[in-house]
Each structure stands twice: as structure tokens, then as C-alpha cells.
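Written out below as C-alpha cells is the structure these notes cover.
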Amino acid sequence: MIPTMVSSSSLSWLVVEAITTFFAVLGGLMVFRGLWIEHKADKDKFSTADDFRSSKLKKNRGWKMLMWGIAIETVVAGVFAAKDGWEIRQASANTPAKNAGK
């Protein structure tokens, strides 16, 4: 039963979905971690100048991570939208019109 379930076409679909899901989760985790770093680095008072510089560097790193996470999630959403649009066009092209004979 397992060899029939995992045919070539279903395996390729599963691999594509797994890769897309991986990148969506990676983008979400990057957004979460970037916001976390920014929040922890956001202080009102600093003990030394090195503490101030370190905080600014952490905040900048968090912002960059946040932006990369958003970019990855945007690309994944675009891939999903394009894939859905392509599948809808394929389905409508393969389906004969209901009122063609009338």
C-alpha cells in the first residue's frame, strides 16, 4: 500500500509543499526572533558607552532579521498565490464549458 501512495507525482508534490512550508516557517521564526531581539535591546538607560553601542547593534541586527523574515514570508505568499492561480487556470482550461452545447 505504501508504494502506491507515494508515487512519483505525489512525492514531488509532497517535496514542493514541504520546502514551501519550511520557508514559510523559517520566515515566521525570523520575524519572531527579530522582534524579540529588538524588544530586548530597547532600553532607556545605559550603564556605559559600550552598553549603548551593544544595544544599538543588537537592535539593528533584530531589525535586519525582521526585514528578512518579512521578505521570505512575502515570497512564500507570492509563490502560493501564483501556484493557486496556475492551478485554477489549468482546471478551467481542462473543464469543458457547461453551456457549450446549448
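Take A49 and decide whether it is surrounded by 12 or more Cβ atoms within 10 Å (Cβ to Cβ), free of Cβ contacts under 8 Å to residues at least 24 places away in the same chain and over 30 Å from V16 (Cβ atoms). No. Going residue by residue through the range 4-21, is there one that turns out to be modelled with pLDDT of 85 or more, over 30 Å from E87 (Cβ atoms) and in a helix (DSSP H, G or I)? No; the residues of the range 4-21 include none that is modelled with pLDDT of 85 or more, over 30 Å from E87 (Cβ atoms) and in a helix (DSSP H, G or I). Remark: pairs (first residue in the range 12-26, farther than 23 Å from I70 by Cβ; second residue at pLDDT below 85; Cβ separation under 7 Å; 6+ apart in sequence or on different chains) are absent. Counting the residues of the range 59-83 that are surrounded by fewer than 16 Cβ atoms within 10 Å (Cβ to Cβ) and not β-branched (V, I, T) gives 13.
The values are calculated or read from the model by the stated rules, or taken from the named source; none is laboratory data. Quick caveat, the model's predicted, so the values are computed rather than measured. Every residue, glycine among them, receives a Cβ derived from its backbone with ideal geometry; neighbour counts consider all protein chains shown.
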